[in-house]
Amino acid sequence: MNRWNIRYIHLFSRDGRRLDLELKTGEVNVVCGASNTGKSALIEIIDYTIGSSRCKIPDYIRRATSWVATTWVKNDQEVLLARKIPPRTRKTSEDCLFRTGDLSELTTDGKELTPNANCEGLLNQFAQVLGLGTMVTEQSWGKEAKAIGPRSFAPFLFQSSGVITNPSILLRGLEGSKRQYIIDCFPYHVGAVDEKSVELLEKLRRRRRQKKSLMREVLNNELLVSNRTSRAETLVTESVELGLIDPSYMEVDTDTKIIALSKLQEWTSSPEKVEEDSQLAAFYLKEEETVKKIAQLRSRLRAANEMINASDNFGGSVRKQKKRLESIELFRDFESIHECPFCGSSDEQDVDCEMNQLREALDKLQNELKTVGKGRPRLDSYIRELQSEIEQETQILKGIRANIEAIVRERENLMKELALDARRNRVIGRVSLFLESSKGSSRGINLQGELDSIRREISDLENLVGRDVLDDALQEARARINHFATELLAELPMAGHYRDNTASINYRNLEVSLIAPSRAIPMEDLGSDENWLSLHLAFALSFHRLFEERERPIPGVLVLDQVSRPYYAEESAKEESDLTSADKKAVRQYIHFLFSEVSRREGLQILLLEHARLLDDDVYRNSIVREWEVDDGLIPSDWPLDESKK
């Protein structure tokens with residue numbers, strides 16, 4: 001046997017028991033019985049053990065089992081794929097067990113199974129055993145490259161209840177999010193590409209990227225060389241304007257201009273830098289202090305002037321009063337008078353008389369006149385000192401500000417010089433690029449040589465793995481599949497008006513049709529479950545014919561969920577006597593077709609899940625590996641159920 005088959009489907013109970021559903025390799029295996037006995041669940045169990053992202057095993061079976069597993073065989077090789085049933089609140093489990101070699105001592109107790117891989121590790125090890133290379137799908141804009149592993153061929157192993165008579169969907173998974181992934185993996189599965197061709201395809205993509213880069217370089221080089229004269233003239237003009245080159249070079253030929261430009265590479269800019277000047281900061285601080293000092297001196301001067309003004313005003317008033325008294329000769333005669341002119345008493349007798357009071361007032365007035373006269377010289381001297389000090393500080397401030405202005409002017413000149421240097425540096429940068437491109441004639445020859453070499457290599461690679469070659473390989477695989485499907489359809493029930501048509505698949509979307517003389521008829525337009533069923537079986541088995549013919553690393557397993565579906569409307573197991581003669585003939589035709597196809601193939605195993613009972617067909621009866629009634633089924637009635645809510 002040159003293809004992998006399933007030897008066992010294992011279910012582990014929650015109380016230490018194991019159920020083994022043994023299958024015959026390279027043969028048709030029938031599981032027969034009524035609905036709700038667990039037949040269709042076998043598809044989900046197998047799919048879960050080969051890495052399904054979600055456990056779709058029915059709830060009743062999940063509650064009764066702790067682990068599920070499948071044993072795969074090819075000649076003397078055996079592989080066990082086991083996976084733990086997830087809790088009811090989770091969709092999947094990452095606890096997996098991968099084992100090879102002698103599996104005869106497999107434990108019966110699921111609690112003794114020890115995980116040795118997660119789901120990804122399980123799939124990677126299974127891929128190695130199958131011979132799947134480290135392939136990835138083609139990456140393009142908006143589409144991520146994905147590994148081609150066991151999940152990519154799962155759709156070719158199952159024709160489940162929702163697919164086998166579906167008018168629109170050929171393979172399980174094409175109706176969902178995995179559709180593009182299945183289509184992208186199709187070229188590998190049919191042998192249009194392999195590991196070697198994928199390696200060459202990646203090399204072709206690299207060479208194409210290099211070609212684009214070199215073409216840009218060649219184009220830029222050609223543009224630079226073609227503009228040599230005008231560029232040299234422009235650069236010389238700019239250099240003269242910035243004082244880098246003598247104006248006499250404006251009138252020379254291009255080669256001489258280039259020589260003059262080449263000398264600019266020795267030019268160096270000013271090393272000076274504009275940094276924070278501590279001396280300038282000190283001057284600004286001293287200016288601030290001097291301004292404050294002058295303000296204080298001027299405040300003191302204003303106060304002194306205000307005092308002089310007040311003294312002058314007071315002295316003037318006193319002098320005016322004295323002049324009035326002098327006008328009546330009061331000061332002259334008053335000292336010789338000893339008798340009060342107001343009351344007639346002697347000044348010695350009554351000290352409180354008006355004359356004595358007047359005498360005291362006149363004395364006070366005389367003293368104030370003397371005091372005013374004495375204080376004025378000191379105030380005048382103080383004011384002169386303040387004015388002198390203010391003048392000195394003002395001169396100091398002028399000197400400070402002159403220094404600040406000189407430093408600022410020097411910095412501005414330096415900034416202008418640095419700006420000029422920056423412009424010069426930019427021009428010299430363009431000069432360097434121009435001079436480098438001027439040497440590009442020889443580099444251009446080298447670039448063109450590299451480009452020609454890569455073009456030849458690309459041409460050789462395209463002859464091996466280019467798009468046309470890939471399309472030709474896919475067309476060849478498509479032609480073989482169409483040939484097989486047309487040949488197989490001839491053995492299957494089909495409406496008479498479609499019988500002579502050719503089956504055809506579109507490898508770009510995996511949609512199928514029948515090709516009539518004047519038109520293509522899509523599968524969904526064929527109009528009956530029987531026609532849809534026949535087309536599904538024809539293509540499902542055509543794929544396996546091609547896999548066998550081309551020795552593709554895909555297991556030779558096909559699970560079919562009730563080929564009698566178009567003829568049994570009820571869900572209980574049916575005897576053949578319940579069918580009309582035409583339907584009975586059609587069911588037998590399908591069944592015999594499957595046995596016939598398996599006998600013609602090497603390593604093809606079919607697991608048929610059926611309602612139908614063909615009591616008088618010994619070949620069919622001998623192929624039944626399980627037969628379940630309504631009260632019996634995949635799960636023994638005495639297996640305990642997990643009643644927890646977690």
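Among the residues making up segment 604-646, those that are acidic (Asp, Glu) and either more than 47 Å from the chain's Cα centre (by Cα) or modelled with pLDDT of 90 or more (or both) are Glu610, Asp616, Asp617, Asp618, Glu627, Glu629, Asp631, Asp632, Asp638. If we keep just the residues of segment 522-536 that are closer than 10 Å to Thr165 by Cβ and among the hydrophobic types (A, V, I, L, M, F, W, C), which is most open to solvent (accessible area, probe 1.4 Å)? Only one residue tops the list, namely Trp532. Remark: pairs (first residue in segment 391-409, in contact (Cβ under 8 Å) with a residue 60 or more places away in the chain; second residue surrounded by 12 or more Cβ atoms within 10 Å (Cβ to Cβ) and of a type in the set (A, V, I, L, M, F, W, C); Cβ separation under 6 Å; 6+ apart in sequence or on different chains) = Glu393/Ile294; Ile400/Phe283; Asn403/Phe283; Ile404/Phe283; Ile407/Leu280.
This table checks each residue for (1) in contact (Cβ under 8 Å) with a residue 40 or more places away in the chain; (2) open to solvent by 50 Å² or more (accessible area, probe 1.4 Å); (3) not small (Gly, Ala, Ser).
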residue: Asn463; (1), (2), (3): no, yes, yes
residue: Leu474; (1), (2), (3): yes, no, yes
residue: Arg480; (1), (2), (3): yes, yes, yes
residue: Leu489; (1), (2), (3): yes, no, yes
residue: Leu492; (1), (2), (3): yes, no, yes
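Rundown of residues vs (1) modelled with pLDDT of 90 or more; (2) of a type outside the set (A, V, I, L, M, F, W, C), yes/no style:
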{"position": "Leu130", "(1), (2)": "yes, no"}
{"position": "Met135", "(1), (2)": "no, no"}
{"position": "Trp141", "(1), (2)": "no, no"}
{"position": "Ile148", "(1), (2)": "no, no"}
{"position": "Pro167", "(1), (2)": "yes, yes"}
{"position": "Leu170", "(1), (2)": "yes, no"}
{"position": "Lys178", "(1), (2)": "no, yes"}
{"position": "Glu199", "(1), (2)": "no, yes"}
{"position": "Arg205", "(1), (2)": "no, yes"}
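Against the list (1) closer than 22 Å to Arg17 by Cα; (2) at pLDDT 95 or above, the condition Arg88 fails is (2). Answer with yes or no whether Lys111 is within 23 Å of Pro155 (Cβ to Cβ), modelled with pLDDT under 95 and either open to solvent by 20 Å² or more (accessible area, probe 1.4 Å) or assigned to a loop (DSSP other than H, G, I, E, B) (or both). So Lys111 fails the test.
Which of the residues belonging to segment 499-521 are part of a strand (DSSP E or B) and open to solvent by 50 Å² or more (accessible area, probe 1.4 Å)? Across segment 499-521, the qualifying residues are Thr502, Asn506, Glu511, Ile515, Ala520. One residue stands out among those in segment 168-190 that are more than 20 Å from Glu548 (Cβ to Cβ) and of a type in the set (Ser, Thr, Tyr): the one that is surrounded by the fewest Cβ atoms within 10 Å (Cβ to Cβ), which is Ser177.
Just name the residue that is surrounded by the fewest Cβ atoms within 10 Å (Cβ to Cβ) out of those in segment 1-60 that are among the basic types (Lys, Arg) and closer than 21 Å to Leu130 by Cα. Ranking the qualifying residues of segment 1-60, first place goes to Lys24.
Filtering segment 601-627 to residues that are open to solvent by less than 10 Å² (accessible area, probe 1.4 Å), in a strand (DSSP E or B) and of a type in the set (A, V, I, L, M, F, W, C) leaves Ile606, Leu607, Leu608, Leu609, Ala612.
Only one entry in Ser564, Ser542 is at pLDDT 95 or above and either charged (D, E, K, R) or surrounded by 19 or more Cβ atoms within 10 Å (Cβ to Cβ) (or both), namely Ser542.
Can you work out which of the residues in segment 574-587 that are under 12 Å from Leu615 (Cβ atoms) and either open to solvent by less than 50 Å² (accessible area, probe 1.4 Å) or in contact with a Gly (Cβ under 7 Å, 6 or more places away or on another chain) (or both) is modelled with the lowest pLDDT? Out of the qualifying residues, it is Lys574. The selection criterion, being surrounded by fewer than 13 Cβ atoms within 10 Å (Cβ to Cβ) and outside any loop (DSSP other than H, G, I, E, B), does not hold for Lys91. Of all residues assigned to segment 207-223, none qualifies as being open to solvent by less than 80 Å² (accessible area, probe 1.4 Å), assigned to a loop (DSSP other than H, G, I, E, B) and closer than 30 Å to Glu266 by Cα. A count restricted to segment 47-105 and to residues that are small (Gly, Ala, Ser) and touching a Gly at 6+ places or on another chain (Cβ under 7 Å) stands at 1.
The values are calculated or read from the model by the stated rules, or taken from the named source; none is laboratory data. Bear in mind the structure is a predicted one, so any value in this text is a computation, not a measurement. Every residue, glycine as well, gets a Cβ built from its backbone with ideal geometry; the counts of neighbours run over all protein chains shown. Ligands, DNA and RNA are stripped out before the accessible areas are found, and what is left, the full protein with its side chains, is counted by its heavy atoms. Shrake-Rupley method; radii C 1.70, N 1.55, O 1.52, S 1.80 Å.
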